[in-house]
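Below you'll find the structure, written out as structure tokens, and then a few comments.
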Amino acid sequence: MSKRTTLLVLAAAAAIGLAGPAHAQKSVTVIREIDTDRYDPHKSTARSGAEVMFMIGDRLVNLDFDMKTLKPGISKSWSVSPDGLTYTFKLRDDVSFCSGKKLVAKDVVASYERWLDPATKGLVKWCMGTVDKITAPDDYAVEYKLKKPFSELLYQMTQ
């Protein structure tokens with residue numbers, strides 16, 4: 001085995017608990033082919049950045065393993081108005097930041113508002129559709145209103 005393959009095998013074994021005694025501290029070494037220019041999801045389109053961001057952040061909606069089926073992320077459910085303009089997300093109440101602070105709807109709204117802010121210079125704002133406004137009617141609900149329907153919205157939110 002090459003040194004790189006050996007490291008990957010050892011990292012995988014450590015991650016699933018096969019290396020060392022049960023009480024030993026486990027660690028994982030991730031070998032990356034290339035680094036990225038930034039780890040800001042609103043300003044990067046680099047695959048190398050996405051690899052890390054998908055490990056440290058989460059989305060309202062995720063794609064299942066078949067890469068077609070939408071499934072909950074930090075939202076436990078969502079609904080779409082008949083006119084396709086309003087998406088209402090019900091958030092899980094068991095999501096926390098790494099600091100321990102509970103995630104609430106205003107945190108989600110703030111993230112989307114930052115993306116929309118021209119000062120952010122977000123590279124892929126089109127993924128959000130033509131947004132009218134995004135609000136937090138309560139701590140665990142996000143209301144996402146569009147100016148015109150955007151059938152790709154839920155899929156784009158998985159990215």
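The values are calculated or read from the model by the stated rules, or taken from the named source; none is laboratory data. These numbers were taken from a predicted model, which means no experiment stands behind them. Backbone-built Cβ (ideal geometry, glycine too); neighbour counts: all protein chains shown. These accessible areas exclude ligands, DNA and RNA; they are computed on the full protein's heavy atoms, side chains included. Shrake-Rupley method; radii C 1.70, N 1.55, O 1.52, S 1.80 Å.
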Residues being surrounded by fewer than 17 Cβ atoms within 10 Å (Cβ to Cβ) and either in contact with an Asp or Glu (Cβ under 8 Å, 6 or more places away or on another chain) or among the small types (Gly, Ala, Ser) (or both): count how many of those fall in region 142-159. 4
Every residue in region 68-100 that is over 19 Å from residue 139 (Cα atoms) and surrounded by 14 or more Cβ atoms within 10 Å (Cβ to Cβ), please. 70, 80, 84, 85
I'd like to verify a number: residues in region 117-129 that are open to solvent by less than 60 Å² (accessible area, probe 1.4 Å) and within 17 Å of residue 159 (Cα to Cα), how many? 5
Would you say residue 108 is under 20 Å from residue 158 (Cβ atoms) and β-branched (Val, Ile, Thr)? yes
Any chance you could count how many residues in region 118-159 are basic (Lys, Arg) and touching a residue at least 24 places away in the same chain (Cβ under 8 Å)? 4
Could you give every pair whose Cβ atoms fall below 8 Å, whose first residue belongs to region 73-102 and is closer than 17 Å to residue 135 by Cα, and whose second residue is outside any strand (DSSP E or B) and basic (Lys, Arg), counting only separations of at least 6 or pairs across chains? 74/59; 74/92; 75/92; 85/147; 85/148
